[in-house]
1. Here are the criteria: (1) open to solvent by 10 Å² or more (accessible area, probe 1.4 Å); (2) among the hydroxyl-bearing types (Ser, Thr, Tyr); (3) within 24 Å of VAL535 (Cα to Cα). Tell me which single one SER670 does not satisfy.
2. Taking segment 727-743 on its own, how many of its residues are under 22 Å from LEU755 (Cβ atoms) and either modelled with pLDDT of 90 or more or of a type in the set (Lys, Arg) (or both)?
3. Go through (1) under 11 Å from SER726 (Cβ atoms); (2) part of a strand (DSSP E or B) one by one and return the number of the condition ALA785 breaks.
4. Here are the criteria: (1) farther than 30 Å from VAL15 by Cα; (2) surrounded by fewer than 21 Cβ atoms within 10 Å (Cβ to Cβ). Tell me which single one ILE149 does not satisfy.
5. Restricting attention to segment 122-133, does a residue exist that is part of a loop (DSSP other than H, G, I, E, B) and crowded, with 21+ Cβ neighbours inside 10 Å?
6. Mind counting the residues in segment 330-367 that are of a type outside the set (S, T, N, Q), touching a residue at least 40 places away in the same chain (Cβ under 8 Å) and in a loop (DSSP other than H, G, I, E, B)?
7. Going through segment 177-227 one residue at a time, which ones are open to solvent by less than 60 Å² (accessible area, probe 1.4 Å) and within 23 Å of PRO413 (Cα to Cα)?
8. Looking only at segment 679-714, which residues are open to solvent by 60 Å² or more (accessible area, probe 1.4 Å), among the charged types (D, E, K, R) and either assigned to a strand (DSSP E or B) or modelled with pLDDT of 95 or more (or both)?
Amino acid sequence: MHVLLSWLREFAPDVADFDPAAPPSAAELTVLGTRLGDELSGLGLAVEEMSITGEGLGDIVVAKVLELNPHPDADRIQLVQVDAGDGEALQVACGAFNMSAGDLIPFAPIGTTMPDGMEIGRRKMRGEWSNGMCCSSRELGLGDDHDGIMILSADPNFAGSPGQPLTDAMGMGRDVLWDLEVNANRPDALSVAGVARDLAAGLGVGFSYPSFDVAEAGGSALDQARIEIVDPSLCGRFVARVLDNITVGTSPQWLSNRLTALGMRPINSVVDISNYVMLELGQPNHTYDLAKVPAGHIRVRRAREGEKIVTLDGAERTLASIDGVIANGADEAIGIAGVMGGESTEISDTTTSVLLEMAWWDPPSISRTVKRLKLRSEASMRFQRGADWGENIDRAARRFAQLMAESGATLAPDTIDEPGDLPDRSPITVLPAKVNGLLGTDLAAGEISDHLTSIGFAVEARDAGGSDADSGAESALAVVPPTWRWDTVTPTDVAEEVARMFGYANLARTVPRPDQVGGLTSYQKLRRRAREVLVGLGADEAQPMPFLAPDDLAKAGLDEADGITLTNPLVAEESVLRTSLLPGLCKAVAYNESHRTVGASLFEIGHIFPPATGGELLPDEHEVLALALAGAEAPAAVDALMVFAEAMALGEVELRGEELAGLHPTRSASVLVDGEVRGVVGEVDPAVAEAFGVTERVAWLSLDLERMLAGVERDFSYRRVSKFPSSDLDLAFEAPNSLAADQVVAALKTGGGELLIDLELFDVFRSEALGEDRRSLAYRLRFQADDRTLTDEEL
């Protein structure tokens, strides 16, 4: 859809503020056109191209053809003598032969730069000089005709003279021309008025229709014509007016210029005005030579299968029963409804009275006919999408009559207005919350209402149930689309209109999320993190079977009575459910040793099945974590625990030394997290290791993972890293075996204060000199400050 700024301003003057008597320069119009084009694109009318009309024609003048002579050496070129305004004959070589002496034509003198960038110079053509160029409408960007020179004097209204600038002679000022992409759901935008309505609403300025008043004269139209709608499902409304004293001639230059700019070729005054009204108001129309319609009787019906008609393009077409037909009183087809008129009632030079048709045709019916006949027209495109069936029909009829009156035509009194089946206009219930949910906005009901009323929608506040608005009920809007929006039938359609007027550019950018079934729970995420931490400590994951041999619990130093024996095991050697991960990991360490892999670090996250508690029938099944460090002593397991606790944000971790089943009697402790026992740490009892065939010492850590992490949100925020160097201090303490190492650790943490950032037990020493009941514990303490380097004195 092409649209001119000057035409838009006839409906919304304030979309551009400038004095018509002093129009902007080309550069200023380009800036203005770009800004308004962005607004149009934001309203859903994407600007595909913008140009400044009338630009590049400043050097083109009107010239008079004086004489035509053949070229002595070229059959396809003639020598034309023209007067470019100075009274002197100027020779031009030209390949067109449609001129005659006395014609006024557009002429490009030497030095002219054409709209396409070509520069006109003095050239020889087959030995003869050519001093300029006679121009076709296509070369000037004023039309598609390039078969011949543009004959200006063919228009009796043309009043130009030789030497006059072409833009002045044709009344062509600078203007902005947009080529808009209009989607199928925007029938209202297939007119200048429709685009102006949208643009005015987007800019917040006024929009109104000019007054299309015309005097009526002569006999009543009711006495000259009669309309009969046989199939009301085909035609929702048929309005007819009669115009007398018709003179078929050429259109005024201004009207021809606008049609040309919008891509239509001027034909004659009646056809041109018909096209002009369609482009301006979006209402396709058709004119019949009233003398060729007996008694002015028009019948609207479906075609008979195989019925034939010769259309305006001279082609005979065979119709089907799905096609709509306009017939005369004798029931002879004289037009294909909403698509193309028939040749039998075509306007001609002898036409003196016209029957003007303004109708609304059922869009699906028109669409089926267009596709079947492969016959597309500007009118059918608008009827397919849904034209306006309301007040615009009467407005368009008055506008047609007003323009025809300029050539002496008169409008007969009275309007013939026959009704058919029109679209349902029941209110659409729209929930503001639903609109905001679709658009990602937070618009109040009043804001939504304002956006809709700005483009002609009627809006009334209701409660969700449909009664009058009630402050105690959910707010809702009853929306009635205007007659020019046949396509708006659902709340989603209404939401689209709100989005356009709110501005697509103002909608928040979001990445649509695909449908997702399920997701990881908080515990599942923490379990994955725990696995990553253990892998980071250099351990490999093992996955022993949850089934044990009948004597495995006893070999691990655990109570055999706690094991649950399966009645239908897969194999007899694996008939007991495990109550601890210790037997399985001991077997894994032994297996690695047997394959000459010593010092294996293995971990497992798996379920154990202790006896039922609290009178439950089923075992107390839950998930635990275990880490076995072959070739390492108990302190290595404590270090791993501290790293794990920090990485998992476990909170306050304490160790309580005590004898635990399966672990070394003096090298084991319970792990307390925030005061609750959540696991054990230490060293595997040498007797247990020997029972499973393990020759290395094995440090051991086991934590009740599920009960420690389930249902707890952890803060894994990063802490600041000091830019200052750290300092280490090694301290050794001689202590009795009865004093647990964790008590020493607690004392060191208290003494170290906030500057103590790491504490590691790196050596346990025993000797005869110390005595059987004593040992030496060596710790490495690391100190660091966030804001300074520590001095020796502070250490």
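1. Here SER670 meets the rest and fails (1).
2. 7
3. So ALA785 meets the others, but not (2).
4. If we test ILE149 against (1) farther than 30 Å from VAL15 by Cα; (2) surrounded by fewer than 21 Cβ atoms within 10 Å (Cβ to Cβ), just (2) comes out false.
5. yes
6. Within segment 330-367, the first condition is being of a type outside the set (S, T, N, Q), and the residues that meet it are 330-343, 346-347, 349, 354-364, 366.
Narrowing further to those that are touching a residue at least 40 places away in the same chain (Cβ under 8 Å): 334-335, 337-341, 346-347, 349, 354-363, 366.
Now restrict to residues that are in a loop (DSSP other than H, G, I, E, B): 337-339, 346-347, 349, 362.
Number satisfying all stated conditions: 7.
7. Answer for segment 177-227, where residues must be open to solvent by less than 60 Å² (accessible area, probe 1.4 Å) and within 23 Å of PRO413 (Cα to Cα): PRO210, PHE212, VAL214, ALA217, GLY219, SER220, ALA221, GLN224, ALA225, ILE227.
8. Across segment 679-714, the qualifying residues are GLU690, ARG697.
The values are calculated or read from the model by the stated rules, or taken from the named source; none is laboratory data. Just so you know, these numbers come straight off a predicted model, no measurement behind them. Don't worry about glycine lacking a Cβ; one is built from the backbone with ideal geometry, like all the others, and counts go over all protein chains shown. SASA here: full protein model, heavy atoms, side chains in, ligands and nucleic acids out. Shrake-Rupley method; radii C 1.70, N 1.55, O 1.52, S 1.80 Å.
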